[in-house]
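Encoded as structure tokens, the structure appears first; notes follow it.
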Amino acid sequence: MKVLLINGSPRAKGCTYTALSEVAVSLNKNNIETEIYQTGNNPVYGCTACRGCRETERCRLDEDCVNDLAEKMLDCDGIVVGSPVYYAGPNGALCAILDRVFFSRPKERFAYIPAAAVVSCRRAGSTAALDRLYKYFTINNMTVVGSSYWCMVHGNTPDQVRLDLEGMQVMRRLGENMAFILKTGKAGRETISPCEPEPSVATNFIR
């Protein structure tokens, strides 16, 4: 089994990476393979609402990391998305990436994949940023994995983050919980089939 940890910070080895690495430590101890995917600091496109992905299940804007990341997400058993906090929200480039990843692929392809979010901030804005990231999971039938506290670390440098002992413990517990859910899910799928989803219904409030 494998978990993809997405580093949504432009800093490859910064605070967000430090938090994700601690999650990976617990996963690896439970014999879960991990990969930390760096979204990088190259420009990314926002969704242009062309809806071309409805025909191909791929984003037509193919110059950045979106399609590569989407396939990696669908090829793994669990996902952890990490982001720094900017103005009480996740990195804007990361949100642009995730908007296109989740819009371009059918919801059914993400169903039941365990997912978690991790944020890093100097002081505040962390819970609002977490809420924004969780919304990608809860609209796509994914299983949200929690920890012993909200999944956040505090510090302005990686060394400061390591001094956030409670935050580091929360990261390790998150990895433990993800490993447990992956193992129990694998055992459950051997005897229980997922429910057949109802046909989608869209209700517009203005008619």
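The values are calculated or read from the model by the stated rules, or taken from the named source; none is laboratory data. In this text the structure is predicted, and so the values were computed from the model without any measurement. When we count neighbours, we look across all protein chains shown, and the Cβ atoms used for this are built from the backbone with ideal geometry, even at glycine.
Worth a mention:
- Members of segment 4-33 found to be under 20 Å from GLY89 (Cα atoms), among the small types (Gly, Ala, Ser) and in contact with a strand residue (DSSP E or B) (Cβ under 6 Å, 6 or more places away or on another chain), listed by number: GLY8, SER9, ALA12, ALA19
- Scan of segment 21-54 for residues that are free of Cβ contacts under 8 Å to residues at least 60 places away in the same chain, among the small types (Gly, Ala, Ser) and farther than 24 Å from PRO106 by Cα, ordered by number: SER21, GLY40
- Failed condition for PRO10, given (1) within 25 Å of THR138 (Cβ to Cβ); (2) part of a loop (DSSP other than H, G, I, E, B); (3) touching a residue at least 60 places away in the same chain (Cβ under 8 Å): (1)
Per-residue answers, yes or no, for (1) in contact (Cβ under 8 Å) with a residue 40 or more places away in the chain; (2) closer than 15 Å to TYR86 by Cβ; (3) among the aromatic types (Phe, Trp, Tyr); (4) surrounded by 15 or more Cβ atoms within 10 Å (Cβ to Cβ):
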{"position": "CYS121", "(1), (2), (3), (4)": "no, yes, no, yes"}
{"position": "ALA124", "(1), (2), (3), (4)": "no, yes, no, no"}
{"position": "LEU133", "(1), (2), (3), (4)": "yes, yes, no, yes"}
{"position": "ASN140", "(1), (2), (3), (4)": "no, no, no, yes"}
{"position": "VAL145", "(1), (2), (3), (4)": "yes, no, no, yes"}
{"position": "SER148", "(1), (2), (3), (4)": "no, no, no, no"}
{"position": "VAL153", "(1), (2), (3), (4)": "yes, no, no, yes"}
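- Just one of the listed residues (THR16, THR39) is closer than 17 Å to MET73 by Cα and crowded, with 22+ Cβ neighbours inside 10 Å, and it is THR39.
- Some residue of segment 43-54 being in a helix (DSSP H, G or I) and over 23 Å from GLY175 (Cα atoms): yes
- Close pairs (9 angstrom Cβ cut-off, 6 or more residues apart or separate chains): loosely packed, with under 15 Cβ neighbours inside 10 Å in segment 55-66, of a type in the set (Phe, Trp, Tyr) anywhere: GLU63/TYR45
- In segment 163-197, the qualifying residues are those that are among the basic types (Lys, Arg) and modelled with pLDDT under 85, and the one that is farthest from SER21 (Cα to Cα) is ARG189.
- Entirely in segment 81-175, the helices (runs of 4 or more DSSP H) that have 1 or more residues that are farther than 21 Å from CYS59 by Cα: 126-138, 158-163
- Residue under evaluation LEU174, criteria (1) more than 27 Å from GLY14 (Cβ to Cβ); (2) surrounded by 18 or more Cβ atoms within 10 Å (Cβ to Cβ), criterion not met: (1)
- Check on THR184, at negative phi, among the polar types (S, T, N, Q) and part of a helix (DSSP H, G or I): yes
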